[in-house]
Amino acid sequence: MHAQYNLGYMYDIGKGVEQDYKEAVKWYRLAAEKGSEQAQYNLAILYHYGRGVEQDEQKEEKWQRLSAEQGYAQAQHHLGLMYVTGKVVGQDYKEAVTWFRLSAEQGYLDAQHNLGYMYDIGKGVEQDYKEAVKWYRLAAEQGYADAQYNLGNMYSHGRGVEQDDHEAVKWYRLAAEQGLAWAQINLGSAYHRGRGAEQDDQEAVKWYRLAAEQGYAGAQYTLGNMYLNGWGTEQDDQEAAKWYRLAAEQGFARAQVNLGHMYKHGRGIEKDYKEAVKWYRLAAEQGVSKAQVNLAWMYASGRGLPKSNINGYMWLFLAKQEGLNKETKAEFDKLSKIMSSDEISKAEQKAQICLNSNYKDCG
């Protein structure tokens, strides 16, 4: 049995022989049928990815369960994940917790983190921040980046532990140094705000950039702000526009608003009202009042699109739902004074249609 498992493993990873998943399946199966929990687990993984066999979720579940019931920690964790997703077995958070716990108690890091997360959000178990901290810490102290990040969050918000910004930064740093983007963003924010670390915008830019270069829109947007304002780096409108665009193209609304401003005012890129309208609209359709106000003024002034007081009023009316500042309210009143009652009624009807369609039918 052990020799069969070992031979399957050699074919699986291509060590000593040419990698051959079909041969791996053959030898794993022979060992699995004799009760090897490791072979059962590895055979399940091959069914999961469709390597050497046709992908088959039911057979994957069969072998995962056989391995898990023998106490194999990795299989227990994976079976727990199947209960979380509902794949084959049907979604059952309590069952997921059961299997995560069995795996976690054997020291399996992924399971410790996931069990902590279930306690954190109260899925399958009563919400208990202290228990969440306990399991996050066990994995975090062994270098598990996601657990380090989540433990940092617990300290940052004072959940299950006394609030402590310095402890939060400690754990964010450990995760950030492993390349975890969300930890890099939070560490950058800590330096930018001077919370838990001495205020240092150069350090903030360093960590924001590392996350931004991994494609995280929030970090790209924030890095754009750092360049726009010259915080921790030389002021550079072109760099600001570059990072805003990367975030905006991922649908990040605040970046879309700022990119619209860059086009409207010709900062870092050539002035282009049509492009400004495009980005304001994308953010406006996500319900961002600042974008709705700017789009309204583009309509009212006829910049980048045909002049339309009705459409301008419609977007201002929508923005009004979130509240207008004094300056914008004055402009709203000014626009309403030059429109007929029929035009105002039509604009308000369009606004209601827009709202009812969740901004999918805004004319």
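The values are calculated or read from the model by the stated rules, or taken from the named source; none is laboratory data. None of these values were measured; they are calculated from a predicted model. Here Cβ is always computed from backbone atoms with ideal geometry, including for glycine, and neighbour counts include all displayed protein chains. Accessible surface areas use protein heavy atoms only, side chains included; no ligands, DNA or RNA. Shrake-Rupley method; radii C 1.70, N 1.55, O 1.52, S 1.80 Å.
Put +1 on the Cβ of each Lys and Arg and -1 on the Cβ of each Asp and Glu in the chain; which of 138, 111, 252 then has its Cα farthest toward the positive end of the dipole?
Projecting each Cα onto the dipole axis, the largest value belongs to 252.
Report the Cα-based extents of the range 58-130 along its three principal axes, largest first, to the nearest Å.
So the extents along the principal axes, rounded to whole Å, are 36, 25, 14.
When a/c reaches 1.5 or more, the comparison of a/b and b/c decides; with that in mind, is the range 89-156 rounded, prolate or oblate per its Cα gyration tensor?
Taking the square roots of the gyration eigenvalues as a ≥ b ≥ c, the range 89-156 is oblate.
Counting only heavy atoms of the protein chains, get the accessible area per residue of the range 200-350 (1.4 Å probe) and round it to a whole Å² value.
Roughly 49 Å² per residue, with all protein chains present.
Using only DSSP helix segments of four residues or longer, with each worth -39500 (n - 2.57), what per-residue ellipticity at 222 nm results for the chain after dividing by its residue count and rounding to 500?
Rounded to the nearest 500, the figure is -22000 deg cm²/dmol.
For the chain, what size does the Cα cloud have along each of its three principal axes, sorted from largest down, in whole Å?
Principal-axis extents of the Cα atoms in the chain, largest first: 86, 47, 45 Å.
Dipole magnitude of the chain about its Cα centre, charges +1 at Lys/Arg Cβ and -1 at Asp/Glu Cβ only, in debye to the nearest 20?
1180
Of the cross-linked pairs 34/87; 242/360; 62/130, which ones have a Cα-Cα span greater than 31 Å in the structure shown?
The pairs that break the limit, which is 31 Å between Cα atoms, are 62/130.
Order these peptides, 21-30, 37-46, by their mean beta-carbon neighbour count within 10 angstrom, highest first.
Working: 21-30: 19.7, 37-46: 24.4.
Final packing ranking: 37-46, 21-30.
How high is the relative contact order of the range 75-167, in percent, counting Cα pairs under 8 Å that sit 6 or more residues apart?
18
Once amide H atoms are placed 1.01 Å from N in the peptide plane, what residues at a sequence separation of 5 or more from residue 53, or on another chain, have their amide H within under 5 Å of its amide H?
Distant-sequence amide H within range of residue 53: zero hits.
For the range 271-344, restrict the atom set to alpha-carbon positions and state the Rg and Dmax in Å.
11.6, 35
Quote the accessible area belonging to residue 113 in square angstrom, nearest 10, computed with a 1.4 Å probe and with ligands, DNA and RNA left uncounted.
About 20 Å², ignoring ligands and nucleic acids.
Which whole-number percent gives the relative contact order of the chain, counting Cα pairs below 8 Å spaced six or more residues apart?
So the answer I get is 5 percent.
At q = 0.13, 0.20 Å⁻¹, what is the log10 ratio I(q)/I(0) for the range 211-363, with the Debye formula run over Cα points and no solvent?
Treating every Cα as an identical point scatterer, log10 I(q)/I(0) equals -0.60, -1.16.
So, how do all the Cα-to-Cα distances of the range 231-295 break down into 5 Å bins, in percent, from 0 on up?
Once binned at 5 Å, the Cα pair distances of the range 231-295 give 4, 22, 30, 24, 13, 5, 2.
Taking 8 Å as the Cα distance limit and 6 or more residues as the minimum spacing, I'd like the relative contact order of the range 277-363 as a percentage.
Answer for the range 277-363 is 25 percent.
Going down the table (59/94; 290/346; 274/350; 123/320; 264/334; 271/337), which pairs top 29 Å between alpha carbons?
Numbers: 59/94 23 Å; 290/346 23 Å; 274/350 22 Å; 123/320 38 Å; 264/334 22 Å; 271/337 31 Å.
Check vs 29 Å cut-off fails for 123/320; 271/337.
Seen from all sides and averaged, what is the projected area of the convex hull of the Cα atoms in the range 223-263, in nm²?
Hull-based average projected area comes out at 2.4 nm².
Of 358, 338, 268, which is farthest towards the positive pole of the range 236-363's charge dipole, taken about the Cα centre with +1 and -1 on the beta-carbons of Lys, Arg and Asp, Glu respectively?
Positive-end residue among those listed: 338.
Rg over Rh of the range 1-103, using C-alpha atoms and the Kirkwood radius, what does it come to?
On the way: Rg = 13.6 Å, Rh = 13.5 Å.
Reported Rg/Rh, Kirkwood definition of Rh: 1.01.
Whole Å is fine, so just give me how far the alpha carbon centre of the range 33-75 lies from that of the range 148-210.
So the two Cα centres are separated by 39 Å.
Towards the positive end of the charge dipole of the range 53-205, with charges on Cβ (+1 Lys, Arg; -1 Asp, Glu), say which of 81, 197, 66 has the farthest Cα.
Checking the options against the dipole of the range 53-205, the answer is 66.
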